[in-house]
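Down below is the structure, laid out as structure tokens.
The values are calculated or read from the model by the stated rules, or taken from the named source; none is laboratory data. Note that the coordinates shown come from a computational prediction; the quantities given were computed from them, not determined experimentally. Using ideal geometry, Cβ is built from the backbone for each residue, glycine included, and neighbour counts are taken over all protein chains shown. The accessibility values were calculated without ligands, DNA or RNA, using every heavy atom of the protein model including side chains. Shrake-Rupley method; radii C 1.70, N 1.55, O 1.52, S 1.80 Å.
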Amino acid sequence: MSSESEEQQLSKKAAKKEAAKLEKMRRRQEAAALASAASSLSVEEEDSYSSNYGDVTLPELKSCSKPDAGNWSIAISSMDWTRVGALTEELKEKEVLIRGRVHTTRPVSKNMAFVVVRERGFTVQCLVATHEAAVSRQMVKFVAALNRESIIDAIGMVSVPGNPIKGTTQQVEIHVRKLYCVNKAMPTLPINVEDAARSDAEIEAALQAGDKLPRVNQDTRLNFRVLDIRTPANQGIFRIQCQVGTIFRQFLLSEGFVEIHTPKLIAGSSEGGSAVFKLDYKGQPACLAQSPQLHKQMAICGDFGRVFEVGPVFRAEDSYTHRHLCEFTGLDVEMEIKKHYSEVMDIVDRLFVTMFDSLNEKCWKELEAVGKQYPFEPLKYKPKTLRLTFEEGVQMLKDAGVEVDPLGDLNTEAERKLGQLVLEKYDTEFYILHRYPLAVRPFYTMPCYDNALYSNSFDVFIRGEEIISGAQRVHVPEFLAERAQACGIDVNTISTYVDSFRYGVPPHGGFGVGLERVVMLFCALGNIRKTSLYPRDPQRIAP
């Protein structure tokens, strides 16, 4: 073997020896680092301010009444809660106790971290900085490590910064002295609320600037709905929906209506057709109610005079559209008619004008939150709602070059076109179209006195889409049975309904509207799934 080969072998041995030495040194350093970390942890355990932060213990969460059950229960025992949305400059230098979700955290240094707390769509910036009387480095580290969407309680002093705070709804800051984690969220969430809250405009603007922001699609939102409904827009949508239901009830009660609750399990179809969810009812065929139609009319037979209901409605139609659901919340009305079916339209007119006025006045913050993510123009409507006959509507369409069957129903395209024409001519997006052809209305609809081809019925439109269907009802039992048979309905399945009119009943009429559709069209949201808390359509029955 040559001396050169020997040198090469020695070099290889030396290199291996050196590598082994370095590996040994690395392991020692790792061991030293772990020892140091363990030492650090022991120091943290001895933190003299450890009672000012940490995870709330399970015994405390069991509603333990002892004031000394733990650090958290002691800290909050003598304090009142302040809502995040109520944090204003008037509370400057006041100590407050708040609860909310960790929206974001931003560590600045070992001695300082920011956490934005969110409660019901409102956000506030909280500063956690080392303080000789309350806050340690360990507490700052604890706060900086909090998972987004975790529930926390924070106690601190309200401060008013000299410059506006960007990214929060409240223009005050809380200097935290105590902070406890009531419930931890997962470290990694299926969707981030911040991503779900972005508008399309923000995403497009980022793309133009060369950045790519996550876009949360509709199915993903609905799969993880509990996260999606935490966004400011969704918080606004469902608070607006709540207000719609409240105004509906309050207005009708003030007009002498009585709220009723009708069965959702019935023997046969309430609307005609085959689009029902059939089921076995103790060995008997039954179905889920398509509407409270038959029973609310029977309530008029029972001398209530004026009734309304807010309840679930089931439709088994295979409708894969932006405005149909298999289950929705129906707002239904039925009332005695004294002289003319226009009395029902009068109620519709005043009810919805009152509703729109109230939404604009009382829900402006919610509407603003919705508009920020889903921009829309405020609904145009008149103090006295426009009424057109079906024939007048057909003529407007014909004049615009749209051919429609004068005795048929309007399809979606024709409805939208008529909405545009009405807006251009009358400057309103809310109107009533009445005297529909009898052939396209349910069997219980009263024909017109002067033309049997038309009926005493009406539809109401918002932004070119049908929102309400209503009519005077047939209350003469023999004629009602005749109409049912003509529409292909087995009279035996609705015999109790027909028989109820044999005992004497006044002329009456009513209407029904979908709660979700009202909100969708008022806010121009474009898809009814946005206004249904947990939508049920032909493809979705969960969550």
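Any chance the stretch 215-232 includes a residue that's among the aliphatic types (A, V, I, L, M), under 30 Å from Glu334 (Cα atoms) and open to solvent by less than 40 Å² (accessible area, probe 1.4 Å)? No, the conditions are met nowhere in the stretch 215-232. The residues listed here are Lys365, Lys398, Lys425, Lys417; of these, the one that is closer than 24 Å to Val244 by Cβ and either modelled with pLDDT of 95 or more or not assigned by the TED database to the domain that holds Gln218 (or both) is Lys365. Residues that are more than 23 Å from Glu60 (Cβ to Cβ) and more than 32 Å from the chain's Cα centre (by Cα) do not occur anywhere in the stretch 181-194. Is at least one residue of the stretch 204-221 outside the structural domain of Leu351 (by the TED database), among the hydroxyl-bearing types (Ser, Thr, Tyr) and at pLDDT 95 or above? Within the stretch 204-221, one or more residues are outside the structural domain of Leu351 (by the TED database), among the hydroxyl-bearing types (Ser, Thr, Tyr) and at pLDDT 95 or above.
Restricting attention to the stretch 148-177, the residues that are open to solvent by 20 Å² or more (accessible area, probe 1.4 Å) and under 18 Å from Lys110 (Cα atoms) total 2. Among the residues of the stretch 149-167, is there at least one that is of a type in the set (S, T, N, Q) and touching a strand residue (DSSP E or B) at 6+ places or on another chain (Cβ under 7 Å)? Checking the stretch 149-167: at least one residue is of a type in the set (S, T, N, Q) and touching a strand residue (DSSP E or B) at 6+ places or on another chain (Cβ under 7 Å). All told, Lys417 meets the bar of being open to solvent by 50 Å² or more (accessible area, probe 1.4 Å), touching a helix residue (DSSP H, G or I) at 6+ places or on another chain (Cβ under 7 Å), part of a helix (DSSP H, G or I) and of a type in the set (Lys, Arg). Across the stretch 391-414, the qualifying residues are those that are among the acidic types (Asp, Glu) and over 18 Å from Tyr454 (Cβ atoms), and the one among them that is surrounded by the most Cβ atoms within 10 Å (Cβ to Cβ) is Glu413.
Hey, does the stretch 326-335 have a residue that's within 25 Å of Tyr534 (Cβ to Cβ) and outside any strand (DSSP E or B)? Looking for residues that are within 25 Å of Tyr534 (Cβ to Cβ) and outside any strand (DSSP E or B), one finds at least one in the stretch 326-335, hence yes. The numbered conditions (1) open to solvent by 20 Å² or more (accessible area, probe 1.4 Å); (2) part of a strand (DSSP E or B) are all true for Val102 except (1). Might you check whether a residue that is closer than 18 Å to Met112 by Cβ and either buried (at least 16 other Cβ atoms within 10 Å of the Cβ) or not hydrophobic (A, V, I, L, M, F, W, C) (or both) occurs anywhere in the stretch 178-197? Yes - at least one qualifying residue is present in the stretch 178-197.
Those helices (runs of 4 or more DSSP H) of the stretch 116-225 in which at least 2 residues are among the basic types (Lys, Arg), considering only elements entirely within it, cover 137-144. Of the residues in the stretch 517-540, not one is open to solvent by 30 Å² or more (accessible area, probe 1.4 Å), among the charged types (D, E, K, R) and touching a Gly at 6+ places or on another chain (Cβ under 9 Å). The combined condition, being assigned by the TED database to the domain that holds Ile174, at pLDDT below 95 and in contact with a Pro (Cβ under 8 Å, 6 or more places away or on another chain), is fulfilled by Ser77. Residue pairs whose Cβ atoms lie under 7 Å apart, sitting 6 or more positions apart in sequence or on different chains, and linking a residue in the stretch 440-453 that is free of Cβ contacts under 8 Å to residues at least 12 places away in the same chain to a partner that is surrounded by 12 or more Cβ atoms within 10 Å (Cβ to Cβ), are Pro447/Leu438; Pro447/Ser455. Screening the stretch 420-466 for residues that are of a type in the set (Val, Ile, Thr) and surrounded by fewer than 20 Cβ atoms within 10 Å (Cβ to Cβ) and picking the one that is nearest to Arg387 (Cα to Cα) gives Thr428.
Residues that are within 24 Å of Lys296 (Cα to Cα) and among the polar types (S, T, N, Q) number at least 1 in the following strands (runs of 3 or more DSSP E) confined to the stretch 444-543: 457-462, 465-472. Ala206 meets the conditions (1) open to solvent by less than 20 Å² (accessible area, probe 1.4 Å); (2) touching a residue at least 40 places away in the same chain (Cβ under 8 Å) in every case but one. The failed one is (2). Here Arg323 qualifies as closer than 30 Å to Ile541 by Cβ, out of contact with any Ser or Thr (no Cβ under 8 Å at 6 or more places or on another chain) and among the charged types (D, E, K, R).
There is no residue in the stretch 71-86 that is touching a residue at least 40 places away in the same chain (Cβ under 8 Å), among the polar types (S, T, N, Q), surrounded by 11 or more Cβ atoms within 10 Å (Cβ to Cβ) and outside any helix (DSSP H, G or I). Tallying residues that are loosely packed, with under 13 Cβ neighbours inside 10 Å and over 41 Å from the mean Cα position of the chain (by Cα) within the stretch 493-511 yields 3. Taking the stretch 327-364 as the range and being surrounded by fewer than 16 Cβ atoms within 10 Å (Cβ to Cβ) and either of a type in the set (Phe, Trp, Tyr) or closer than 16 Å to Gln235 by Cα (or both) as the test, the residues that pass are Lys362, Trp364.
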